[in-house]
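Below: the structure, in structure tokens.
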Amino acid sequence: MSSMSSVAGLSKYIRTLPKAKISLLLIIVFSFIIGSILFLVKPINVGSAIENIFYGGAFGFVVFGIPSIIAGSTDHKWVYSLKGINMKGKHSMFLALLSMVIMGIVDILGTAFGHFINMNLFTNSILFGCVLSFAINTLVVWSVTRIRFIKSVFIAMIQPLLVIGMLIIVSFLSDVESIFALGFYGTIIKVVIASIIFLIAIYSFITIIESPMKKNLGFGVLEILSFFIYHMNEGSNSIEKLFDNAGETIDTLVGVVSFRRFDGSIKSLFISPCVHPGPLGDIGGSNMPTLLAKSFDTFAMVAHGPSTHDFNPVSSKEIVKIEKAVREALDDMEYSSKASEFKRYSHETANIGVQFFKNGSIMLNTFAPSGSDDIEFGVGLATMIESQKELNIENPIIVDCHNSFNPEIGGVLPGNSEFFYLLDTIKTIEPLTPEHDMKIGCYHSKLGGFDKHQGIGESGLKTMVIEVNNQRTAYVLFDSNNMELGYREIIFNATEDLDIDEIEVMTTDTHTVNTLSNGYNPVGLTEKETIIDYIRFSIEKAIEDLEPVEAGTNIKRIKNLKTFGPNNSTELISTMSSILAVSKIIAPMILIVSILSVFLWLFIV
């Protein structure tokens, strides 16, 4: 599983933040509760406990609630006035709510501890809570809004300054005991120095974790984090600029099988590009299977060719280069009305389904039911060359069926035993002569009612049935990222009574479904029976659509495709690993030292 796919799991926290109105209501309620608890912990001589609750609630709303409401209502406006991103009204109000709750908890705990040891820590606790919330605000605003550090500091100080200001006003207008025992100027000095301690800690930590990635890849952790959140919130593809600047140009391959009616019109295209549809969401080539299929005015199945995240296009614009290669393949294609029957071969855990056409074949590779992830391009290229040699064909169209997700098993890489299983399987294949007429029928369903939450991308379900010598083979393709382990076999069993002899189910590996909390989100996790009903219906419709065709195969090179690149993918993973390893040590150290320093400064010095 890629690091970007893992990050996708965080998106649920971005999308499930409460609306601004709810956060506003919670600010009012929690500020009243915080004030009431404070006045119960530190009784003020204004009357009974009930009166203290109401006086305390009013105090909490005025000192904590009103400043938080003002900050929550204005922070996002300040951010956008400074050309920042990722701060809508609901985010701003929720951040204000979170900061207020932290202030309240710190003040309650500090005041209670002071009451226990017979010391007045009320003021110190409020100041400590304000400084701590200021530090959190600074870190959040600086991390996600793309605003410079100094500007983030000014936005972050709004809420704590308003709290301190309200505290000063209340202290002069009420009969509450003297709040500022330190004096006005002494309090200001305490707050300023404590804030500076936190700012130094935050800046030092971010600088440490930013520098390795900036040095190696040209962009930092904050950039990729903020642009990722921007994509989740707004659908922006600004993050593609980072990948484009750091990307590498490669050449790769695309295999094409074209099925043409006898009047010369193309009925169906079966395309297998060695380009990975990632990294996630709508970034880069994540929606490549749909975008590429839409570029042709005919039924088109875009399967998953051998490729990994190294071959992620840096932007959706790169898909035009894949389309160009496919069109070149169509312009240089020889057709024949003859084909062979579909036949399966296996060795150890490797399984290959093969059907021969003129000058080539479709070769469906899977490790189901044991499971696997992506087949790497080098492995696919090696199997292609081995097929050309062993089967004496020019265009072996290699497909990674990507239909048995096992989180415990990684991709198929050169040197893996699975790699050699594939090569050994190819040696067992009997090169059949295409000698029978063929018919094909197609059907496309958007799978109404299904979306990313069920692991279904924009293209839904596509089915093609090929009939050769009275044998019918169903090619079923989901626009999904892999399939739940064992679901392929369930589908096989559920379609045994249909008028077909063979079936294979595949997924496009689209990463548009990887923006959800469960990361990979393979098809088949939910609604199993309903999906099977759709499959059965699509096969029946494809059979009704059967008509005689001729087929041609071709493999073309995709030139100068801008991808994230194998070097940068390795660099990103190793850099992120080192950053995480260092952060596990440095982050707690800096946090403890800074909090301890501020605590000593506010409470002891």
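The values are calculated or read from the model by the stated rules, or taken from the named source; none is laboratory data. Given the structure is predicted, the values throughout are model-derived calculations rather than measurements. Every residue, glycine among them, receives a Cβ derived from its backbone with ideal geometry; neighbour counts consider all protein chains shown. Side chains included, ligands, DNA and RNA excluded: accessible areas come from the protein's heavy atoms. Shrake-Rupley method; radii C 1.70, N 1.55, O 1.52, S 1.80 Å.
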Worksheet item: Consider Val314 against the criteria (1) closer than 23 Å to Asn481 by Cβ; (2) open to solvent by 40 Å² or more (accessible area, probe 1.4 Å): it satisfies all of them except one. Which criterion is unmet?
Response: (2)
Discussion item. Restricting to the stretch 121-133, and then to whatever is at pLDDT below 90, touching a helix residue (DSSP H, G or I) at 6+ places or on another chain (Cβ under 6 Å) and not hydrophobic (A, V, I, L, M, F, W, C), can you tell me which residue is surrounded by the fewest Cβ atoms within 10 Å (Cβ to Cβ)?
Written reply: Asn124
Discussion item. Yes or no: the stretch 457-470 includes at least one residue that is of a type in the set (S, T, N, Q) and surrounded by 14 or more Cβ atoms within 10 Å (Cβ to Cβ).
Written reply: yes
Item to complete: Would you please list the contacts, defined by Cβ atoms under 8 Å and residues six or more apart or on different chains, that run from a residue in the stretch 245-256 that is open to solvent by less than 30 Å² (accessible area, probe 1.4 Å) to a residue that is in a loop (DSSP other than H, G, I, E, B) and of a type in the set (Phe, Trp, Tyr)?
Response: Ala246/Phe219; Ala246/Phe564; Gly247/Phe564
Fill in: the stretch 392-411, subset part of a strand (DSSP E or B) and within 13 Å of Ile352 (Cβ to Cβ), residue nearest to the chain's Cα centre (by Cα)
Asp400
Worksheet item: Among (1) in a loop (DSSP other than H, G, I, E, B); (2) surrounded by fewer than 16 Cβ atoms within 10 Å (Cβ to Cβ); (3) under 28 Å from the mean Cα position of the chain (by Cα), where does Asn481 come up short?
Response: (2)
Worksheet item: What is the one condition in (1) free of Cβ contacts under 8 Å to residues at least 60 places away in the same chain; (2) at negative phi; (3) outside any strand (DSSP E or B) that Leu225 does not satisfy?
Response: (1)
Worksheet entry | Selection from the stretch 259-273 of residues that are of a type outside the set (D, E, K, R) and more than 22 Å from Phe478 (Cβ to Cβ) | Phe262, Gly264, Ser265, Ile266
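When the residues of the stretch 521-563 are narrowed to those that are β-branched (Val, Ile, Thr) and under 30 Å from Ile239 (Cβ atoms), which ends up modelled with the highest pLDDT?
Residue satisfying both the conditions and the ranking: Ile558.
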Worksheet entry | Breaking point among (1) surrounded by fewer than 16 Cβ atoms within 10 Å (Cβ to Cβ); (2) at negative phi, for Glu348 | (2)
Practice prompt. Would you please name the residue that is most open to solvent (accessible area, probe 1.4 Å), looking only at residues in the stretch 55-91 that are farther than 22 Å from Ile164 by Cβ and small (Gly, Ala, Ser)?
Written response: Ser81
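Can you confirm whether Glu496 is among the acidic types (Asp, Glu), assigned to a loop (DSSP other than H, G, I, E, B) and free of Cβ contacts under 8 Å to residues at least 12 places away in the same chain?
For Glu496, the condition - among the acidic types (Asp, Glu), assigned to a loop (DSSP other than H, G, I, E, B) and free of Cβ contacts under 8 Å to residues at least 12 places away in the same chain - is met.
How many residues are under 21 Å from Ala58 (Cα atoms) and open to solvent by 20 Å² or more (accessible area, probe 1.4 Å) if we restrict to the stretch 134-166?
Step one: list which residues in the stretch 134-166 are under 21 Å from Ala58 (Cα atoms), which gives 159-166.
When the remaining residues are screened for being open to solvent by 20 Å² or more (accessible area, probe 1.4 Å), the result is 161-162, 165-166.
Result for the stretch 134-166: 4.
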